[in-house]
1. What is the spin-label model distance, in nm, from GLN22 to SER260 if the labels are put 7 Å beyond Cα along the C-beta direction?
2. For the pair LYS82 and LEU68, how long in nm is the line joining their label points, each one 7 Å along Cα→Cβ?
3. Highest mean first, how do 125-135, 198-208, 142-152 rank when packing is the count of other Cβ atoms within 10 Å averaged over residues?
4. In nm, what is the difference between 0.36 nm times the number of residues separating THR239 and TYR120 and their Cα-Cα distance?
5. Ranked highest first by average number of other Cβ atoms within 10 Å, how do 173-185, 52-64 line up?
6. Net charge near SER59: determine it from the other residues with C-beta under 14 Å of the C-beta of SER59, scoring Lys and Arg +1 and Asp and Glu -1.
7. Counting other beta carbons within 10 Å of each residue's own, what order do LEU90, LEU79 fall into, fewest first?
Amino acid sequence: MGAHYFWFNYYLVCIFKIMLFQILVLTFVSSVASLAGSFFLSLKKNWSKKFTLKLTAFSSGVLLSTALLHLAPEAIENLAPKNMFSTVFLAIIFFFVLERLVLWHHHHEDDCVNPKPSAYLVTIGDSFHNFMDGILITGTFLVDPKLGFFTALAVAAHEIPQEIADFSIMVGAGFKRKTALLYNLVSAMFSIVGAVLAYYFISSVEWLIPYTVAFSVGMFLYIALSDLIPELHHDDLETKQKIEQLALFFVGIVLIISLSFFEV
């Protein structure tokens, strides 16, 4: 009996370690992909401006479809409707307050009255935002690895235009490119911290897992509807550019729908 108990515990420990490793890889790849993409796009300012709005349109489609077609149905399945929508509502309020107080949302470097303080505030806010990303990737992964994959993909998609904006603010505030990149790298690593802490905490409090999924819905809806999509209306564009944005918006949606047919 003792031997069976030992091997059973050993098997559980191995499973937990494998899950943690998968979560860390998923979170790390998501963070590094967004950071690398933003850095390379930021090397050429004109090219960066040209593609940022296109990336924003694509990211909007990815976030909306991930939130409403994957995460929301899973949350509704595991929570009472009142609890699910209350959690989504609280998430939206939470990120609105965070946006007002810490200023982690998209900026234009020309909008900053005091560039240096704004750059530091953006770094602090982005670090907390990345910390939350890690928590949500872990929470959704614990429900279903496929959900975790979609969450990580959505995080990477919206982080690229956000990191471009953050990088531009820091360079505009007088930071060297290497220094700005280092700040963004440290900020991105907070997602790993969030993922690890969430794994050990949420794993021991399983009833929180579906609430994490519902919270993810609120976060993605808020970012897409109050941050990314309004950014597309920031400048007057030619008809051709508007059509390109619409096309990329739907490409993001179709991508998420298409990926749902594959096992992850």
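Coordinate-derived values only; no laboratory data. Bear in mind the structure is a predicted one, so any value in this text is a computation, not a measurement. All Cβ positions, glycine included, derive from the backbone under ideal geometry; neighbour counts span all protein chains shown.
1. Taking the two extended label points, one gets 2.1 nm.
2. 2.6 nm
3. Values: 125-135: 23.7, 198-208: 14.2, 142-152: 21.8.
Peptide ranking by packing, descending: 125-135, 142-152, 198-208.
4. Details: separation 119, 0.36 × 119 = 42.84 nm, distance 3.72 nm.
Taking THR239 through TYR120 to full extension adds about 39.1 nm, to one decimal.
5. Numbers: 173-185: 15.7, 52-64: 24.2.
With the highest mean Cβ count within 10 Å placed first, the list reads 52-64, 173-185.
6. Details: positive: LYS54; negative: ASP133, GLU159, GLU163, ASP227, GLU231.
Taking every Cβ under 14 Å from that of SER59, the sum is -4.
7. Details: LEU90 14, LEU79 18.
Ascending number of Cβ neighbours within 10 Å: LEU90, LEU79.
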